[in-house]
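Engineer: First the structure, which I've put down as structure tokens, then a few questions once you've had a look.
The values are calculated or read from the model by the stated rules, or taken from the named source; none is laboratory data. Because the structure is predicted, anything quoted here is derived from the model rather than measured. Note: ideal-geometry Cβ built from the backbone for every residue, glycine included; neighbour counts use all protein chains shown.
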Amino acid sequence: MSHYAVIAPPFYSHVKALEALAVALVERGHRITFIHQSEARPLLGDPRLAFYAVGEHTHGPGSLPRSLRLLARPNGLSLFRLINNLAGITDMLCRELPDALKTLEVDGLIVDQMEPAGALAAEAAGLPFVSVACALPVNREPGLPLPVMPFDYAASERARRTYQASERIHDWMMRRQNAVLARHAEELGLAPRRGLHEWLSPRAQISQTLPSLDFPRQRLPACFHAVGPLRPSAASEPSEARRAAAPLVFASLGTLQGHRFGLFKKITRACRRLGAELVIAHCGGLTAAQEEKLRALGASQVVDFADQPAIIREAQAVITHGGFNTVLDAVTGNTPILALPIAFDQPGVAARVVYSGIGERVSRFATRDTLARQLQKVLTEPRYRQRLAEVRKDLKRAGGVTLAATLTEAALGGTKETL
């Protein structure tokens with residue numbers, strides 16, 4: 001069978017989605033090797049997956065923790081440092097992937113949309129590759145805001161001008177990474193391009209985002225496939241509504257934002273005001289003393305990690321920073337969402353949560369009372385669960401990791417015409 005390489009940002013949610021796809025391919029007889037800096041190796045949990053380290057001289061010990069610290073606090077000047085840091089990772093991969101692909105003798109690549117170095121290296125080596133959108137797809141269309149922008153959808157001329165202006169600002173901010181890609185493309189004899197959206201596979205583009213969870217798109221390529229969540233296996237059906245007197249709320253700010261003690265305090269006080277039970281998963285971001293303080297304020301449970309899909313299936317509402325994997329878990333669990341976006345594509349995800357009718361959003365700077373009012377809506381108004389039931393039908397039909405594996409095999413083992 002074939003040997004495929006996986007190129008992805010060294011971030012937990014992206015690696016876990018691609019790990020599910022990789023395991024599905026391993027179970028079909030293929031070999032899979034993830035390629036990145038050595039500190040990304042622990043993100044993989046399945047021993048059947050291989051790992052090949054690159055970037056020893058430029059991205060050695062301590063490099064990944066520095067990147068994660070910047071991701072956790074993307075404000076002001078640190079945002080520009082973060083962009084430069086990500087450009088440095090792309091630069092390293094552009095330099096080192098060509099030799100790594102030759103050494104490993106891979107037959108094709110699985111490339112996260114957020115790391116275009118994989119597409120560049122694949123094209124330079126003459127290898128087929130598929131693009132995977134673990135987060136919101138970066139495919140651009142006139143009349144749609146970029147996924148990293150907080151705008152609601154509107155078809156007016158004013159909205160279109162706003163979207164266009166925001167694209168120019170975004171591209172100016174990302175100019176360092178675009179310059180890195182342009183330089184390596186020229187050195188390798190590839191056509192110049194700009195932006196992540198111009199480094200996508202012409203064979204297969206696989207996305208976790210269902211059409212019912214996105215703004216209306218009109219110009220996706222024929223090779224674009226919305227398969228839904230990339231998970232190891234089908235999730236269980238949601239339980240019947242709990243009969244306890246108090247509703248259950250699950251709150252998580254993901255692996256990078258779990259340190260935000262002040263925001264967790266506000267969430268705890270809002271839930272206490274509504275008489276709701278609250279389970280907090282902070283992903284290791286809080287100290288034991290902070291955990292105890294949240295329990296004293298009224299949180300029922302405060303843990304580092306939890307079986308998130310299982311708890312969400314039992315909950316009546318999910319409070320999230322807008323992490324897309326948590327949103328997908330909420331759809332699977334039929335649980336309405338209150339989004340408190342912080343950075344990156346989270347405002348865009350929150351806007352789509354509201355547009356799709358499966359929840360509400362509130363500013364993380366909102367008062368406890370405002371947060372409580374929005375949470376009360378999510379807990380009590382039936383329209384969110386009604387809409388979730390419709391979206392879940394789309395999810396069940398989407399194909400998930402099984403279809404993603406089939407599409408990957410066809411794209412990497414055959415010609416474009418076979419898809």
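Engineer: Among GLY399, GLY348, which is over 18 Å from the mean Cα position of the chain (by Cα) and surrounded by fewer than 24 Cβ atoms within 10 Å (Cβ to Cβ)?
Structural biologist: So the residue among GLY399, GLY348 that is over 18 Å from the mean Cα position of the chain (by Cα) and surrounded by fewer than 24 Cβ atoms within 10 Å (Cβ to Cβ) is GLY399.
Engineer: Filter the range 332-349 for residues that are farther than 25 Å from ALA310 by Cβ and among the small types (Gly, Ala, Ser); which is modelled with the highest pLDDT?
Structural biologist: GLY348
Engineer: Here's another thing I want to ask about it. If a residue must be assigned to a loop (DSSP other than H, G, I, E, B) and crowded, with 20+ Cβ neighbours inside 10 Å, how many such residues does the range 215-230 contain?
Structural biologist: So the count comes out to 5.
Engineer: For the range 20-29, what are the residues that are in contact (Cβ under 8 Å) with a residue 60 or more places away in the chain and either within 21 Å of LEU101 (Cβ to Cβ) or more than 18 Å from the chain's Cα centre (by Cα) (or both)?
Structural biologist: Those that are in contact (Cβ under 8 Å) with a residue 60 or more places away in the chain and either within 21 Å of LEU101 (Cβ to Cβ) or more than 18 Å from the chain's Cα centre (by Cα) (or both): LEU21, ALA22, VAL23, ALA24, LEU25, ARG28.
Engineer: Same structure again: Please list, ordered by first then second residue, the pairs with beta carbon atoms under 6 Å, 6 or more apart or interchain, first in the range 351-373 and part of a helix (DSSP H, G or I), second surrounded by fewer than 15 Cβ atoms within 10 Å (Cβ to Cβ) and not β-branched (Val, Ile, Thr).
Structural biologist: Sorted first by the residue in the range 351-373, then by its partner, the pairs are ALA351/ASP152.
Engineer: Just checking, does the range 106-120 include any residue being farther than 30 Å from GLU360 by Cα and surrounded by fewer than 21 Cβ atoms within 10 Å (Cβ to Cβ)?
Structural biologist: Checked the range 106-120: at least one residue is farther than 30 Å from GLU360 by Cα and surrounded by fewer than 21 Cβ atoms within 10 Å (Cβ to Cβ).
Engineer: Next up: Output the number of residues of the range 41-78 satisfying the condition of being touching a residue at least 60 places away in the same chain (Cβ under 8 Å), in contact with a helix residue (DSSP H, G or I) (Cβ under 9 Å, 6 or more places away or on another chain) and surrounded by fewer than 18 Cβ atoms within 10 Å (Cβ to Cβ).
Structural biologist: Count: 1.
Engineer: Here is a follow-up. Could you tell me which of the residues LEU104, LEU136 is in contact (Cβ under 8 Å) with a residue 40 or more places away in the chain, among the hydrophobic types (A, V, I, L, M, F, W, C) and in contact with a strand residue (DSSP E or B) (Cβ under 7 Å, 6 or more places away or on another chain)?
Structural biologist: Checking each option against the conditions leaves just LEU104.
Engineer: Can you confirm whether the range 364-371 contains a residue that is within 27 Å of HIS225 (Cβ to Cβ) and of a type in the set (Asp, Glu)?
Structural biologist: No, because not a single residue in the range 364-371 is within 27 Å of HIS225 (Cβ to Cβ) and of a type in the set (Asp, Glu).
Engineer: Could you please find all residues in the range 151-178 being surrounded by fewer than 16 Cβ atoms within 10 Å (Cβ to Cβ) and touching a residue at least 40 places away in the same chain (Cβ under 8 Å)?
Structural biologist: Passing the criteria: ASP152, MET173.
Engineer: Do the conditions hold for GLN164, that is, is it part of a helix (DSSP H, G or I), more than 22 Å from the chain's Cα centre (by Cα) and of a type in the set (S, T, N, Q)?
Structural biologist: For GLN164, the condition - part of a helix (DSSP H, G or I), more than 22 Å from the chain's Cα centre (by Cα) and of a type in the set (S, T, N, Q) - is met.
Engineer: Every residue in the range 395-419 that is at pLDDT 95 or above and among the acidic types (Asp, Glu), please.
Structural biologist: GLU409
Engineer: Here's a check for you: in the range 274-315, which residue that is touching a residue at least 24 places away in the same chain (Cβ under 8 Å) and of a type in the set (Lys, Arg) is farthest from ARG368 (Cα to Cα)?
Structural biologist: The residue in question is ARG313.
Engineer: Would you be able to tell me the number of residues in the range 1-40 that are surrounded by fewer than 20 Cβ atoms within 10 Å (Cβ to Cβ), among the aromatic types (Phe, Trp, Tyr) and in a loop (DSSP other than H, G, I, E, B)?
Structural biologist: Residues that pass the stated criteria total 0.
Engineer: Look at the range 378-391 and say how many of its residues are part of a helix (DSSP H, G or I), under 21 Å from LEU248 (Cα atoms) and out of contact with any Asp or Glu (no Cβ under 7 Å at 6 or more places or on another chain).
Structural biologist: Counting residues in the range 378-391 that are part of a helix (DSSP H, G or I), under 21 Å from LEU248 (Cα atoms) and out of contact with any Asp or Glu (no Cβ under 7 Å at 6 or more places or on another chain) gives 9.
Engineer: Ok, one more. Can you pull out every residue in the range 103-117 that is small (Gly, Ala, Ser) and not in a helix (DSSP H, G or I)?
Structural biologist: GLY108
Residue-by-condition table, conditions (1) part of a loop (DSSP other than H, G, I, E, B); (2) outside the structural domain of SER13 (by TED's automatic domain parsing); (3) among the charged types (D, E, K, R); (4) out of contact with any helix residue (DSSP H, G or I) (no Cβ under 6 Å at 6 or more places or on another chain):
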residue	(1), (2), (3), (4)
ALA119	no, no, no, yes
VAL130	no, no, no, no
ARG176	no, no, yes, no
HIS197	no, no, no, yes
